[in-house]
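**Student:** Dropping a structure here in structure tokens format, bear with me for questions.
Values in this text are rule-based calculations from the coordinates and carry no lab data. These numbers come from a predicted model, not from an experiment. Note: ideal-geometry Cβ built from the backbone for every residue, glycine included; neighbour counts use all protein chains shown.
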Amino acid sequence: MDTPRHWTTDIHTLFKAHHIALVSYVPDAGHTRLLNLCRADEGMRLVPLTTEEEGIALAAGAYLGGQRAALLMQSSGVGNCINMLSLVKTCSFPFLALVTMRGEWGEFNPWQVPMGQATPDVLRAMGVTVYRVTDAAAVHSTVEAATRFAFASYVPVAVLLSQSLLGSKSFGGK
Amino acid sequence: MTGQPTLNRRAVVQTLLRERGDLVVVAGLGATAWDVASVGDHPLDFPLWGAMGGAAMLGLGLALAQPARTVLVLTGDGEMLMGLGSLATIAAQRPRNLRVVVMDNQVYGETGRQPTHTALGTDLAAVALACGFPTARTLWEADGLEPLRTAVHQSDDLLFAVVKVAVTDEPMTLPPRDGAYLKHRLRGALLGPTALE
């Protein structure tokens, strides 16, 4: 039997189909496979960021120049984005973020919990439409809907990739 | 060299943008955006009224999307200080068509002229070099302006410059502030009829 297609492959395929040329990120273990696929793709440029808000201004500039971008981050980075999301809202920029969640499903590290729990509310407070994926079978349809919505309707959209999808990070087997 | 900056910011911007051709200009919020508007509002300008700390990254996005264009980010010291990490991000990409020029008056001008970190020891050009910018310079005197203008327009590599400018009262020359308008105007100028796709 063939190994089932990994959901990160679905996202990479969607990025290509929707002409995402810039992929900026602050890394998370949950994004590793997708980042590797994008890095190996000559049609995409990876832009490592020092803080997540950089990716918002980068995406706005790219769109002004006719290119599409996506931002990958973990939920702790959403808090770093708050004021910069004003740029997206004020100018009606399309914006697509894929957020791997921490601080929810079986989290071991209590320091991840406050931002993880606040992530959907913080995004919505800044006008970002929030989609959530909890199982691998729904990744393709959800990310596709989010991408279409962002770029066709000029709105900010974040897809939250649940910890139940990613698996909880283990700390020495604890 | 240290001391009080003496260059006039409006004269500096006038020099840098003289015969600008198809130069794309991102202006950081505050006095720098007013300086750019004082030369005359232009369809290839994108003045920011917020998004503090984002000017250089917005310029990076433009530069990567439009490799045949030269993109100049003109911003203030306070705005640049809020996005210091973006200097590392930009240097890692090394777009050859991007220039970042900081108009450094060493104060937060819009909020009561409180000293910024550049008045307290931070050397932004040294930061840019340490982040990996291939060149960075700090100008205190007018004789460096023409060479900087030439470099901005003709260099074939990423560059960073700090221009030390005096704290002055200049006439308020405000650019348009409707973000959606500014977006459509610049996309229209860069992309033509495909801008509304």
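**Student:** As a test, work out the antiparallel percent of DSSP beta bridges whose residues both lie in region B:9-196, rounded to the nearest 5.
**Tutor:** Percent antiparallel among DSSP bridges in region B:9-196 is about 10.
**Student:** Enter the mean projected area of the convex hull around the alpha-carbon atoms of region A:7-163, in nm², rounded to one decimal.
**Tutor:** Averaged projected hull area, Cα only: 8.2 nm².
**Student:** At what distance in nm do the modelled label points of residue B:195 and residue A:5 sit from each other, each positioned 7 Å from its Cα along Cα→Cβ?
**Tutor:** Spacing of the two 7 Å Cα→Cβ label points: 3.8 nm.
**Student:** Quick one: of the DSSP bridges fully inside the protein assembly as shown, what percent are antiparallel, nearest 5?
**Tutor:** 5 percent
**Student:** Using a Förster distance of 41 Å, how high is the FRET efficiency between residue A:152 and residue B:11, based on the Cβ-Cβ distance and rounded to 0.05? Display every interim value, and only then the final one.
**Tutor:** Details: r = 46 Å, r/R0 = 1.12.
Plugging the Cβ-Cβ distance into 1/(1 + (r/R0)^6) gives 0.35.
**Student:** Next question. Please state, as a whole number in µm²/s, the translational diffusion coefficient that the Stokes-Einstein equation yields for region B:107-184 at 37 °C and 0.692 mPa s, with Rh defined as the Kirkwood radius across alpha carbon pairs.
**Tutor:** Numbers: Rh = 15.3 Å.
The estimated diffusion coefficient comes to 214 µm²/s.
**Student:** Counting each DSSP H run of 4 or more residues in chain B as -39500 (n - 2.57), what helix-only mean residue ellipticity at 222 nm follows after dividing by all residues, to the nearest 500 deg cm²/dmol?
**Tutor:** My calculation for chain B gives -10500 deg cm²/dmol from helical runs alone.
**Student:** Next up: So how far, in whole Å, is the C-alpha centre of region A:10-24 from the one of region B:24-69?
**Tutor:** So the separation of the two Cα centres works out to 27 Å.
**Student:** Ok, one more. Strictly greater than 31 Å: what percent of every Cα pair in the protein assembly as shown meets that? Present the calculation step by step, with values, prior to reporting the outcome.
**Tutor:** On the way: 24577 of 68635 pairs.
The calculated P(r) of the protein assembly as shown puts 36 percent of pairs beyond 31 Å.
**Student:** What are the equivalent ellipsoid semi-axes of chain B, built from the alpha-carbon gyration tensor (square roots of five times its eigenvalues), in whole angstrom, biggest first?
**Tutor:** Equivalent ellipsoid of chain B: 24, 19, 16 Å, largest first.
**Student:** I've got another one for you. Per-residue Cβ counts within 10 Å, from other chains only, averaged over B:43-55: what number is that? Don't skip to the answer; put the middle values down first.
**Tutor:** Working: counts 0, 0, 0, 4, 0, 5, 3, 5, 12, 3, 6, 11, 2.
Average per residue, whole number: 4.
**Student:** Could you state, as a whole-number percent, how many of the C-alpha pairs of region A:82-136 are farther apart than 13 Å?
**Tutor:** Numbers: 963 of 1485 pairs.
Of the Cα pairs, 65 percent sit more than 13 Å apart.
**Student:** Determine the dipole magnitude for the protein assembly as shown: charges of +1 sit on the beta-carbon of Lys and Arg, -1 on that of Asp and Glu, nothing else is charged, the reference point is the Cα centre, and the result goes in debye to the nearest 20.
**Tutor:** My answer is approximately 480 debye.
**Student:** Show me the ranking of peptides B:79-92, A:58-71, A:127-140, A:77-90 by mean Cβ neighbours inside 10 Å, starting with the highest.
**Tutor:** A:58-71, B:79-92, A:77-90, A:127-140
**Student:** To make sure I understand the rule: partners must be aspartates and glutamates, Cα under 15 Å from the Cα of residue B:183, and not fewer than 8 residues away in the same chain. Which ones qualify?
**Tutor:** Straight-distance partners of residue B:183: B:41, B:45, B:197.
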